[in-house]
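Asks: I am attaching a structure below and will ask some questions about it afterwards.
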Amino acid sequence: MSPPALAARGLAKSFGSLVVASELEIELPKGVRYALIGPNGAGKTTLINLMTGMLRPDAGRILLDDVDITALPPEQRVQRGLVRTYQITSLFPHLTALESVTLAVCERSRAARAWWRQLAAHGHEIDEAYDVLCALKLDSVCHRLTRELAYGQQRLLEIALALATRPKVLLLDEPAAGVPREESKELFAAIAGLSHDITVLFIEHDMELVFRFASRVIVMVGGRVLVEGTAQEIASDPRVRAVYLGKAPTKELAELRHD
Amino acid sequence: MLPPVFGVLFDGLAYGMLLFLLSVGQSVTLGMMNFINLAHCSFAMLGGYVTVVLMSSYGWPFFATLPCAFIAAALVSVGFERAFFRRLYRASDLDQVLLTIGIVFISVAVAAYIFGTEQRPLQLPAYLRSSLTFMGVRFAVYRLILIGLALLITLALVLGLDYTRFGARVRAAVDNERMARGLGIDVDRTFAITFALGSGLAGLGGALAIEIIGLDPSFALTYLVYVLIVVSVGGLGSISGSFAAAIVLGISDVAGKYYIPQLGAFLIYLVMIGLLMWRPLGLIGRR
Amino acid sequence: MALTEGTANPRLYLQAQTRWRPIEIAFWLATLLPYALFPDYLSLASQIAIAGLFALSLDLILGYAGIVSLGHAAFFGIGAYTAGLVSKYGWGEPLTGLAIAAVAAGLIGYATSFVICRFRHLALIMLTLGFGLLLEELANSAGWLTGGVDGLQGIHTWKLFGYLPFDLYGRTAYAYALAVLFVLFVFARRLIHSPFGLSLRGIRENFVRMPAIGAPSRAHIRTIYTIAAAMAGIAGALLAQTTETVSLESLGFERSAEVVVMLVLGGAGRLYGGLVGVIVYMVARDQFSGIEPQYWYFWIGVLLVGVVTFLPNGILGGAAKLMSRRSRS
Ligand SMILES: Nc1ncnc2c1ncn2[C@@H]1O[C@H](COP(=O)(O)OP(=O)(O)O)[C@@H](O)[C@H]1O
Ligand SMILES: [Mg+2]
């Protein structure tokens, strides 16, 4: 059996006395679509920060394709294929969409180190960036400044930036945060259409989307994994109902949490 | 008999106290708003000139001028805060630096225009110019008073910050501005008052500084560097940090100039760079 | 650009942005005008060209990579003293002098860049300021080498290419400074339009996002800081060679602040901003050369407050806004 695409072993992190990750054991098999759910403040974003190197864990190891990457800085993890997006949109306001994605492509292909060759001479990179934008239906606005894009388009551009780095494992932090329901379905359809060579873990509060697009689900509460299993198992698990879904009907609650 | 090192330590301590008065306001306001105010020493200079004018032109006694130096600096600074600074809290570092350095340039020129470019000495009464000799080391009375005054102010600041309602607001705002707003604290007002208080202390420091380091229009620029060092080494928003940093800086500057005069201010800059590199995030910039 | 969105070939679009525009060509042709129109002002013109190069070097780090430096004159000064000393001790050949100065400033820039690349915000400003002040003190106390406050004397610049002497009117000096400026401008322009230049803009726009797309921001910052330092060093060397003297002011805080002012006045991050700012600033200072320096600083202060308050993107930014507004209406 091949090793998991990404694994966390005994990951722990506290902010002062607040424990946000304790003894986390997570394994993402290759090509699987995972959802990570849990109430606000459960430590989901922190988990992504830890795995991508934006935060330093207090203890534990992170393995990418069985290679220990715990000591690597964030950009080197990205170069090895572990890529994330942000819950709070974090883009390049005064670059156009095409420039932003070209930037990411050039960093991946190492063209960004060549300061003696003009950008226009890097046709392959530009074409590749354009293709990524086309795949996410952003080609019609590719020459607009990022800050002039509609919010939903900015969320797509977040994903486009990640895809431009050719990820092996993609961690999406609430990709549809703040996007209207209709658009978020389209957005998830785009995610579902990604190559199955890419292992995807996404954080999402809308249970309907979770059950539709994830084959497996991890439930986090208070910095711990409460339960992990297939969508059906999670939906019927009494502990999940008790702790996370509470007594409220699924759908209303999902909307409530949708912040 | 005490060796001369005690004299150096004493002078360094007095100098450090001065630096502390000059910089404590900057440290707290920087911690609160992350606003880089390079014009802080212009307000200190203003306090200095208020004291000079009141004493030489109106014959006021030295100690009576000190509250005026405080108040003048506080009032003028709050005027600037309302008119210019407040728009730039969310602006880039560059804009903040540019605007405030512009104000420094203006203040230097205005001071030169009104007061001339030469040093303005103070005519202090004889008892302030005298000194006590203790075990063979001379302690200048003025410096003793300066140290006592600074210690009192520090105590008042620490107690005020810890035990008053206003102090709690300031601490909340320094700690987490957004959260403080969420709790219904009027951060803008708190900031304006803190800013005035800090500039007032700088004005007081400027007045007290004349006797020790002199006063001329370049004051606003020269001591800016020292203030920035204290703030960045002591940590943003930390009174005790600034206090410690000011003492270390004061003593090392005086000692450096006493023992290795040919190096001049070189040593200080070296110490600053070293400290910044050693503990950049612990000491400075929580961003 | 008149390209319709979506249908345009993305390659062509990006290519079009790097093409030389007519106004650029006009600008560079106009730099030759002083020979015809203001022959008495050629010395000033060469000072402007030198300051323009200095501002351009700052633009690379400040305007493009967002590194606010209050100590950039350090590299200008290193270049100036290096070129001056090389000449004083027997080698007055200008072009090799420039090269040596560039290497010296670049090396020191490279060494400091390892510190610079780790910081942002106030710590960065403090560090650049600190390095600048440190060097100023060093040059001041090493009077045996630098001449201290009296300045470095005894520089003699040989003829350019062996037969063009540097005359009193600045004819050779201006041609020399202008040519160097132009060559380095073309270089900077290429650099800005390279993928590396794009990465620099990324660093300026969103420093924390860069690692998440796999960008080694620190390495990029080290590269550009070194390049900018070498360019500033060349500017300093030009000043030393054309005026045959170097003073402590060449690496002082005032010069660091002044170049920031000039760049911001013209508009940072626009390649021509530094040049435009330098022209306006230096011509104005020349016109008001009668007034005391401290009052000159008064007007600089007013200018700074005014630019930040009313003209956040400098003259060029304001002009661009005006143009786009007009073309829309
Ligand atoms: N840098 C930080 N410093 C202190 N506390 C933090 C920091 N980042 C997150 N937290 C806290 O950690 C907890 C988990 O946060 P987070 O991972 O963002 O939760 P989630 O993404 O699951 O909503 C929250 O209580 C949050 O306030
Ligand atoms: Mg989150």
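The rows are residues; the columns are (1) surrounded by fewer than 22 Cβ atoms within 10 Å (Cβ to Cβ); (2) touching a helix residue (DSSP H, G or I) at 6+ places or on another chain (Cβ under 9 Å); (3) of a type in the set (Gly, Ala, Ser); (4) within 17 Å of A:Val101 (Cα to Cα).
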| residue | (1), (2), (3), (4) |
| --- | --- |
| A:Gln153 | yes, yes, no, yes |
| A:Leu161 | no, yes, no, yes |
| A:Ala164 | no, yes, yes, yes |
| A:Lys168 | yes, no, no, no |
| A:Ala192 | yes, yes, yes, no |
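Asks: Related question: Please find, among C:Ala45, C:Ala36, C:Ala26, C:Ala8, the residue that is more than 9 Å from chain A (Cβ to nearest Cβ), at pLDDT below 90 and either assigned to a helix (DSSP H, G or I) or more than 29 Å from the chain's Cα centre (by Cα) (or both).
Replies: One residue alone meets the criteria, C:Ala36.
Asks: Follow-up question, since we're still on this one. Taking the stretch A:159-184 only, how many residues are touching a Leu at 6+ places or on another chain (Cβ under 8 Å), away from ligand 1 (no atom under 16 Å from the Cβ) and not small (Gly, Ala, Ser)?
Replies: Qualifying residue count for the region: 8.
Asks: Count, please, the residues in the stretch A:214-240 that happen to be assigned to a helix (DSSP H, G or I) and buried (at least 19 other Cβ atoms within 10 Å of the Cβ). Before you say what the answer is, go through the steps one by one.
Replies: The initial filter retains those residues of the stretch A:214-240 that are assigned to a helix (DSSP H, G or I), namely A:231-236, A:238-240.
Filter once more, keeping what is buried (at least 19 other Cβ atoms within 10 Å of the Cβ): A:234, A:240.
Residues meeting the conditions: 2.
Asks: Report the residue count in the stretch A:1-41 for those that are over 25 Å from A:Ala192 (Cα atoms) and either within 14 Å of chain C (Cβ to nearest Cβ) or within 13 Å of ligand 1 (Cβ to nearest atom) (or both).
Replies: 13
Asks: All but one of (1) over 22 Å from B:Ile268 (Cβ atoms); (2) within 14 Å of chain B (Cβ to nearest Cβ) hold for C:Ala123; which doesn't?
Replies: Among (1) over 22 Å from B:Ile268 (Cβ atoms); (2) within 14 Å of chain B (Cβ to nearest Cβ), C:Ala123 violates only (1).
Asks: Can you pull out every residue in the stretch A:77-102 that is in contact (Cβ under 8 Å) with a residue 12 or more places away in the chain and either assigned to a helix (DSSP H, G or I) or of a type in the set (Lys, Arg) (or both)?
Replies: The initial filter retains those residues of the stretch A:77-102 that are in contact (Cβ under 8 Å) with a residue 12 or more places away in the chain, namely A:77-98, A:100-102.
Within the stretch A:77-102, A:Arg77, A:Val78, A:Gln79, A:Arg80, A:Arg84, A:Ala97, A:Leu98, A:Ser100, A:Val101, A:Thr102 qualify.
Asks: Is it the case that some residue within the stretch C:205-216 is at positive phi and buried (at least 21 other Cβ atoms within 10 Å of the Cβ)?
Replies: Residues of the stretch C:205-216 that are at positive phi, as a first pass: C:214.
After this cut, where a residue has to be buried (at least 21 other Cβ atoms within 10 Å of the Cβ) as well, the list is C:214.
The answer is yes; a qualifying residue exists.
Asks: Confirm whether A:Gly60 is within 28 Å of A:Ser195 (Cα to Cα), away from ligand 1 (no atom under 12 Å from the Cβ), of a type in the set (Gly, Ala, Ser) and not in a helix (DSSP H, G or I). Don't jump to the end; show me each part of the working.
Replies: Details: within 28 Å of A:Ser195 (Cα to Cα): no; away from ligand 1 (no atom under 12 Å from the Cβ): yes; of a type in the set (Gly, Ala, Ser): yes; not in a helix (DSSP H, G or I): yes.
Against the criterion (within 28 Å of A:Ser195 (Cα to Cα), away from ligand 1 (no atom under 12 Å from the Cβ), of a type in the set (Gly, Ala, Ser) and not in a helix (DSSP H, G or I)), A:Gly60 does not qualify.
Asks: Oh, and also: Quick check on the stretch C:270-311: of everything there that is outside any helix (DSSP H, G or I) and surrounded by fewer than 17 Cβ atoms within 10 Å (Cβ to Cβ), which residue is modelled with the highest pLDDT? Before the answer, list the steps.
Replies: Kept after step one, since they are outside any helix (DSSP H, G or I), are these residues of the stretch C:270-311: C:270-272, C:288-292, C:311.
Now drop any that are not surrounded by fewer than 17 Cβ atoms within 10 Å (Cβ to Cβ), which leaves C:288-292.
Details: C:Phe288: 80, C:Ser289: 75, C:Gly290: 76, C:Ile291: 76, C:Glu292: 75.
The extreme case among them is C:Phe288.
Asks: Could you list all residues from the stretch A:14-53 that are within 15 Å of ligand 2 (Cβ to nearest atom), in contact (Cβ under 8 Å) with a residue 60 or more places away in the chain and not in a helix (DSSP H, G or I)?
Replies: Matches in the stretch A:14-53: A:Val20, A:Ala21, A:Ala35, A:Leu36, A:Ile37, A:Gly38, A:Pro39, A:Asn40, A:Ala42, A:Gly43.
Asks: Looking only at the stretch A:97-115, count how many residues are more than 7 Å from chain C (Cβ to nearest Cβ) and surrounded by fewer than 21 Cβ atoms within 10 Å (Cβ to Cβ). Spell out the reasoning first.
Replies: Initial filter on the stretch A:97-115 (more than 7 Å from chain C (Cβ to nearest Cβ)): A:97, A:100-101, A:105, A:109-110.
Checking the rest, the ones that are also surrounded by fewer than 21 Cβ atoms within 10 Å (Cβ to Cβ) come to A:109-110.
Adding up the residues that qualify gives 2.
The values are calculated or read from the model by the stated rules, or taken from the named source; none is laboratory data. Source: prediction; values computed, not measured. Every residue, glycine among them, receives a Cβ derived from its backbone with ideal geometry; neighbour counts consider all protein chains shown.
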